[in-house]
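What follows is a single structure, written as structure tokens, with notes after it.
The values are calculated or read from the model by the stated rules, or taken from the named source; none is laboratory data. The structure presented is a predicted model; accordingly, all values stated were derived computationally and were not measured. Cβ sites come from the backbone with ideal geometry, for glycine too, and all protein chains shown count toward neighbours. When the accessible area is computed, the model is the full protein with side chains, heavy atoms only, and any ligands, DNA or RNA have been set aside. Shrake-Rupley method; radii C 1.70, N 1.55, O 1.52, S 1.80 Å.
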Amino acid sequence: MACDIQCFKTKSQLTLFGVGRALITAVLVMGSALIHADTSPVATTAYGKVRGVQESGINVFKGIRYGADTATTRFQAPKKPAAWSGIKDALDYPSQAPQASGGMGGGLFASWANRKDNDEDCLFLNVWTPGLNDGKKRPVMVWLHGGGFSAGSGASHGYDGTRLANRGDVVVVTINHRLNVFGHLYLGQFDEQFADSGNAGILDIELALEWVRDNIEQFGGDPDNVMIFGESGGGAKVTTLMTMPSAKGLFHKGAVQSGAWLLFIEPQTASDLGKAVITELGLTPDSVSNITTFSTQEIQQAVGAAMRKGARPNWGPVIDNRNLYRHPFTPDAPEVSKDVPMLIGFNRAESSIFLGPRFPQSFTLSWEELPELLAKNVRETDPADIIAKYRQRHPDYNPTDVFFAATTDSQFVRAHTAQVERKAEQGGAPAYFYMLNWNTPVDGGKWRSPHALEIGLVFDNVAKSTSMSGTGAEPQRIADLMSEAWIAFAKTGNPNHELLPEWPAYNTDTRPAMVFDLEPKVVNDVRGVERRWFDHLIMGPNG
């Protein structure tokens, strides 16, 4: 600025210079705005306009509000958002639901990690679409994130929808919703205003699906062709929505990836937990309405205190006889989703990701060490008998193979087979069964085919999943096979495509399943012999 003053001798010259600089600045700002407006996609929702970005030819909108701040509806059903004027930026992933710190952010999950700030104001969704308001009727693929009903968000790099949208000419949506105590603390037996509290997180998802129904045409999608899909807890959410009468018609296909769910929480069990938590807050059933005055941290601390006194917060959907009236696939498939095709399956070594970190010795087991570790992790079985059976049927297995096989077959395989069988027995829309058999090469292949491995493959996100699936031609080959199947299922309710052998719908006579590997094949009654070794065990929510 000193140079400017020295260069201009008179007041009039200084004034003229100031006006000139202001004019130049204004022109530059206006030009920048015009360029921004010309290159940034803008979409119109029922509540207002949003601005996104273009990435690899896909219009991307991150952080579109679909519900009001849940701090205003704590332990109640969500509300629609207020309308806004102008254009809101939708350029970055939004805050996630309040949840414990930490989680699966390293190791196999390192390349997906994208943790956001916690906030009760969390009802946002993200959209990837090839076109905006162009009259096309693209299938819509709505992803429900994993993390059980306790953690996670739609922001994981593994869930990026750019390549899937490009590959299949589909619209991809990921969402955030309430979790853990804020999504499933059941207080309905204490106060009518909290009648929906046990399923608040699921009602959030339902509201997001209503947003899709009402707005997705503006994003080039078909509201009459919506597929919901999810892995682990996300698959359990798909299963839950297939059981919820009020969700009927909001989606038309469902894909359950390693997320079979057979039992919901009974209302009395949920109420007992609710009472334990409010007691820690100094409340009683008569004063429970005051729970809305506590901070999120105080409520989370109350859950921790209740746990230390023996409470077991197994967060999840509650049979509240208001939103959910029965268990999902027990004793049979729910009638409300009889006409909804289902794709469901598991990975061959699901348990390695859960048990490997807890028992590091499991990767280097000897035959002498195996029985003790197996007895700790598979209930009410004779370890010696189980080991002998695996060694006879699979002579190439080493002790680690047997351990991960037994702990997967006894739980995941049994639960997923039960769910697909009950769907097939219903005689409605078809069900398709699969197993991922391919082993990730990460860490020398020690993980085999672990829980969550298929996520990056289904999304065709090998480059964003290197810590989970490695790099090179092999993972891309599996991604080609799986992503094309999911796209085909989203479009037609049938996952067959030209890269696969003919994939029959599941039936209880031959029990066909697609086995995804470098050379995919159909196997009848996949892992059937092994899972029947554990038929005497009582089936839990997911096995």
Problem set entry | Efficiency of FRET from Cβ geometry, Arg213 and Ser295, R₀ 22 Å, rounded to 0.05 | 0.05
For this session: Pick out, from Gly147, Thr243, Ser410, the residue whose Cα sits farthest towards the positive end of the charge dipole of the chain, with +1 on the Cβ of Lys and Arg and -1 on the Cβ of Asp and Glu.
Result: Gly147
For this session: With θ set to phi - 60°, apply the Karplus curve 6.51 cos²θ - 1.76 cosθ + 1.60 along region 365-373 and write out the HN-Hα couplings as whole Hz, x wherever there is a Gly or Pro.
Result: 4, 9, 4, 6, 7, 4, x, 5, 5
Seminar exercise, completed: Heavy-atom accessible area of region 457-531 with neighbours in place, 1.4 angstrom probe: carbon+sulfur share in percent works out to 48 percent
Exercise. Label points 7 Å out from Cα along the Cβ direction at Asn398 and Arg312: separation in nm?
Worked result: 3.5 nm
Problem set entry | Distant-in-sequence amide H partners of His252 (H built 1.01 Å from N, under 5 Å) | Val226, Met227, Ile228
Problem set entry | Dipole of region 58-98, positive direction: furthest Cα of Gln96, Pro78, Phe61, with charges on the beta-carbon | Pro78
Exercise. Once amide H atoms are built 1.01 Å from N in the peptide plane, which residues 5 or more positions from Glu369, or in another chain, come under 5 Å H to H?
Worked result: none
Problem set entry | Length-normalised contact order of region 429-543 in % [C-alpha pairs under 8 Å, at least 6 apart] | 25 percent
Exercise. Taking the structure as given and computing Rg and Dmax of the Cα atoms in Å, which label from [x] 25.9, 101; [y] 23.8, 75; [z] 27.5, 86 fits?
Worked result: [x]
Problem set entry | From phi via Karplus (6.51, -1.76, 1.60), per-residue ³J(HN,Hα) for region 89-94 in Hz, x at Gly/Pro | 6, 10, 10, 9, 4, x
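R0 = 41 Å: FRET efficiency of Asp191 with Glu425, Cβ-based, nearest 0.05? Numbers along the way, then the final one.
Values: r = 40 Å, r/R0 = 0.98.
The value I calculate is 0.55.
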Seminar exercise, completed: Listed by chain and number, the residues whose amide H is under 5 Å from that of Asn347, excluding neighbours fewer than 5 places away on the same chain and using placed H, are Leu436
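What FRET efficiency would be calculated for the residue pair Ala473, Phe354, taking the C-beta separation as r and a Förster radius of 30 Å, to the nearest 0.05? It would help to have the intermediate numbers written out before the result.
Values: r = 29 Å, r/R0 = 0.97.
The computed FRET efficiency comes out at 0.55.
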For this session: State the Cα centre-to-centre distance between region 54-122 and region 384-403 in whole Å.
Result: 45 Å
Exercise. Got a sec to turn the phi values of region 411-419 into Karplus ³J(HN,Hα) couplings, 6.51 cos²θ - 1.76 cosθ + 1.60 with θ = phi - 60°, whole Hz, x for Gly and Pro?
Worked result: 10, 4, 5, 5, 5, 5, 5, 4, 5
Exercise. Under a point-charge model restricted to the Cβ atoms of Lys and Arg (+1) and Asp and Glu (-1), what is the dipole moment magnitude of region 427-543 relative to its Cα centre, in debye to the nearest 20?
Worked result: 280 debye
Exercise. In square angstrom, what is the accessible area per residue of the chain with a 1.4 angstrom probe?
Worked result: 40 Å²
Exercise. Given the C-alpha centroids of region 504-543 and region 422-480, what is the distance between them in whole angstrom?
Worked result: 16 Å
